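Here is the structure we will look at, set down as structure tokens.
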Amino acid sequence: MKKYLLPFIVFMAVAGASYYLYQKHNPFTYYEDEVHVHSDFLIYINDKKIDLTDTKYQSSAEQILHKNVHLHDGDDNVVHRHAEGITFAEFLGSVGFTLTNDCLTTDTGETLCDTESTVLTLYVNKQPYSNITSYIPQEEDQILLYYGTKDNPNLNQYLDSVTNDSCIFSGTCPERGIAPAESCGLTCEI
């Protein structure tokens with residue numbers, strides 16, 4: 001019996017370490033510091049609002065795009081973040097977009113980069129955010145990702161059109177109603 005004890009201990013240590021490393025580097029596991037943060041956002045490309053209400057962009061019990069950040073229930077105005085350190089760029093990656101500081105590649109493969117006449121800008125609470133890829137959505141932030149002409153007369157209208165519905169999901173504006181049950185396929189309680 002004793003001759004099997006050492007190999008068993010070694011096996012368990014290796015299995016435990018392997019499981020730990022897998023969980024730590026698996027994008028579909030929760031990060032250590034779980035949170036439930038809600039932020040409003042819109043994406044405008046060349047004066048067109050990008051619609052993310054299609055089921056291919058929405059998480060559900062049948063389709064989990066990313067456990068730590070997602071949209072759900074057909075709502076494309078509020079992003080739900082469930083872990084510390086999740087960037088807006090990572091969220092966009094979960095719905096098929098790629099965001100760098102100078103370019104946005106859509107889920108259809110169209111790449112849009114800064115040029116002399118166009119600009120890619122991330123606005124957070126109506127202010128430009130300089131390092132786009134490092135931005136982590138915070139509770140009730142209003143986010144606009146804009147690609148278009150530099151002096152677009154519609155830009156203020158786009159900034160004003162970002163909803164403030166995240167407060168409903170956060171429970172900080174009870175006068176506007178109670179958040180609907182969240183069916184994101186994960187643990188989505190406040």
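The values are calculated or read from the model by the stated rules, or taken from the named source; none is laboratory data. Predicted model only: the values in this text are computed from it and were never measured. Here the Cβ positions follow ideal geometry from the backbone for every residue, glycine too, while neighbour counts run over all protein chains shown. With ligands, DNA and RNA removed, areas are computed over all heavy atoms of the protein, side chains included. Shrake-Rupley method; radii C 1.70, N 1.55, O 1.52, S 1.80 Å.
Remark: pairs (first residue in segment 127-140, free of Cβ contacts under 8 Å to residues at least 12 places away in the same chain; second residue of a type in the set (A, V, I, L, M, F, W, C) and open to solvent by less than 80 Å² (accessible area, probe 1.4 Å); Cβ separation under 8 Å; 6+ apart in sequence or on different chains) = Pro128/Leu122; Tyr129/Leu122. Show the residue pairs that are 6+ apart or on different chains and have beta-carbon atoms under 7 Å apart, the first residue being within segment 53-70 and over 14 Å from Leu92 (Cβ atoms) and without any contact (Cβ under 8 Å) to a residue 60 or more places away in the chain, the second being open to solvent by less than 20 Å² (accessible area, probe 1.4 Å) and not hydroxyl-bearing (Ser, Thr, Tyr). If the second residue must be open to solvent by less than 20 Å² (accessible area, probe 1.4 Å) and not hydroxyl-bearing (Ser, Thr, Tyr), the pairs left are Thr53/Asp76; Gln58/Leu71; Gln58/His72. Between Leu104, Leu99, the distinction of being open to solvent by 10 Å² or more (accessible area, probe 1.4 Å) and aliphatic (A, V, I, L, M) belongs to Leu99 only.
From Asp76, Asp51, which residue is open to solvent by less than 50 Å² (accessible area, probe 1.4 Å), part of a loop (DSSP other than H, G, I, E, B) and under 22 Å from Ser166 (Cβ atoms)? It is Asp76.
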